[in-house]
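The values are calculated or read from the model by the stated rules, or taken from the named source; none is laboratory data. All values reported here derive from a predicted model rather than from experimental measurement. Note: ideal-geometry Cβ built from the backbone for every residue, glycine included; neighbour counts use all protein chains shown. Please note that ligands, DNA and RNA were not included when accessible areas were found on the heavy atoms of the full protein model with its side chains. Shrake-Rupley method; radii C 1.70, N 1.55, O 1.52, S 1.80 Å.
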Amino acid sequence: MGIKMKKIKFKNKPIACLTAYNKFSAELIDGYCDLILVGDSLGMAYYGYSSTRSVRLEDIIRHARSVRKGIKKSIMVVDMPYNSYKTKTLAIKNAKKIIKETGADAVKLEGGKNIQNIIKHIIKNKINVMGHIGLMPQRVVSKKDYHVKGRKNHEKNKILKDLISIQNLGVFAIVLEAVKVDLANEVIEKSSVPIIGIGASKKCDGQILVLEDMLGFYNKVPKFVKKYMNFENQARKAVKKFVSDVKKNIFPLRKNIYY
Ligand code: KIV
C-alpha cells in the first residue's frame, strides 16, 4: 500500500520520527511517532562500529524483524545498508527481501542523482521508498567527512540537484541530514514531498532523531540532538546502587525471593 504523507503546509502538525533497533524500543515509541526507522545508525549507536558501512543486510533484517513485533500503529521504514543497492538488480532483490522478511512498509536509501535509476526501479516494483540527502553517513569514510553540508557552493548545488533528481520519482518523503539552515529552507521550499530533517531546519515537514541519542544514552552527541533525559547518568546510578546493595547483602529483599 502506498504511503501518503502531505507537506505540512497542507496539514497542521509536523511529522515526528525516531529510530528503533528492537521490539522493546519500538513498543516504547509506537503510536507516538508517525514513523519508526530501523536505521543503519544501528552500526554506530548499537554495535559501536566507527561507521554505518559495516552494517550488513542480515543485520538490518534481524533487527527489523524484532522492531516489527513492537509496532502496531506507526509506519515502519528500514534502511538499505551500504553496498546493498549498488545495481538495479541487487537493489530490487534486497528491497524485496527486506519487505518480505521484516514486514516493513518502506525502505530508505541514501543518495540523489547517482541512484535515481535505482530508486525508480524499486518504486516501479511497488515498494515504498524514502530518500535521504544532505549528509549521507554511508559516504563517510573519515571523521572529517562528518561536517555540515551546504557551506560550500558545490555542496549546495549538489544537494539541490539531488532533491530535484529524486522528488519526482515517487519517494513519499526525504530525510535531509546536517545541512545549513538557509539551504535546508531552500530545499523545503523547492520540495514537493515532505522533508524530514535531522540537523536541518525547524521549518522541515518533520523531524527525526536516533532514539538512544535523544534519551541521553551517550555523553557525546551531535549538536542537532536534544537530550530529553540523561539515561547514561541515571543508568550509572542504578548500576552503582545495585552493586552496593549486593556487596552490603541488602539485595535481594524478602519480596524478591520465592518461598
Ligand atoms: O540511520 C539512521 O538512523 C538514519 C537517521 C538518523 C535519519 O538514517
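For the stretch 181-207, filtering for residues that are outside any loop (DSSP other than H, G, I, E, B), away from the ligand (no atom under 11 Å from the Cβ) and open to solvent by 40 Å² or more (accessible area, probe 1.4 Å) leaves 6.
Considered as a group, the residues in the stretch 108-131 that are of a type in the set (D, E, K, R) and in a helix (DSSP H, G or I) include one that is farthest from the ligand (Cβ to nearest atom), and that residue is 124. Scanning the stretch 148-180 for residues that are open to solvent by 40 Å² or more (accessible area, probe 1.4 Å) and either within 16 Å of the ligand (Cβ to nearest atom) or part of a strand (DSSP E or B) (or both) yields 148, 149. I'd like to check something: does the stretch 208-223 contain any residue that is over 30 Å from residue 237 (Cβ atoms) and either open to solvent by less than 20 Å² (accessible area, probe 1.4 Å) or among the small types (Gly, Ala, Ser) (or both)? No.
Has the stretch 39-58 got any residue that is under 20 Å from residue 16 (Cβ atoms) and surrounded by fewer than 24 Cβ atoms within 10 Å (Cβ to Cβ)? So far as the stretch 39-58 goes, yes, one or more of its residues are under 20 Å from residue 16 (Cβ atoms) and surrounded by fewer than 24 Cβ atoms within 10 Å (Cβ to Cβ). Being on the phi > 0 side of the Ramachandran plot and modelled with pLDDT of 95 or more holds for only one residue in 103, 39, and it is 103. The C-beta contact set for the stretch 88-102 (first residue under 11 Å from residue 129 (Cβ atoms), second residue of a type outside the set (A, V, I, L, M, F, W, C), distance under 8 angstrom, 6+ apart or interchain) comprises 91/84; 91/85; 91/121; 95/85; 95/125. Within the stretch 70-108, the set of residues being out of contact with any Asp or Glu (no Cβ under 6 Å at 6 or more places or on another chain) and buried (at least 23 other Cβ atoms within 10 Å of the Cβ) comprises 77, 78, 80, 85, 91, 95, 98, 104, 106, 107.
Residue check: residue 23 meets all listed conditions (1) surrounded by fewer than 18 Cβ atoms within 10 Å (Cβ to Cβ); (2) within 12 Å of the ligand (Cβ to nearest atom) but one, namely (2).
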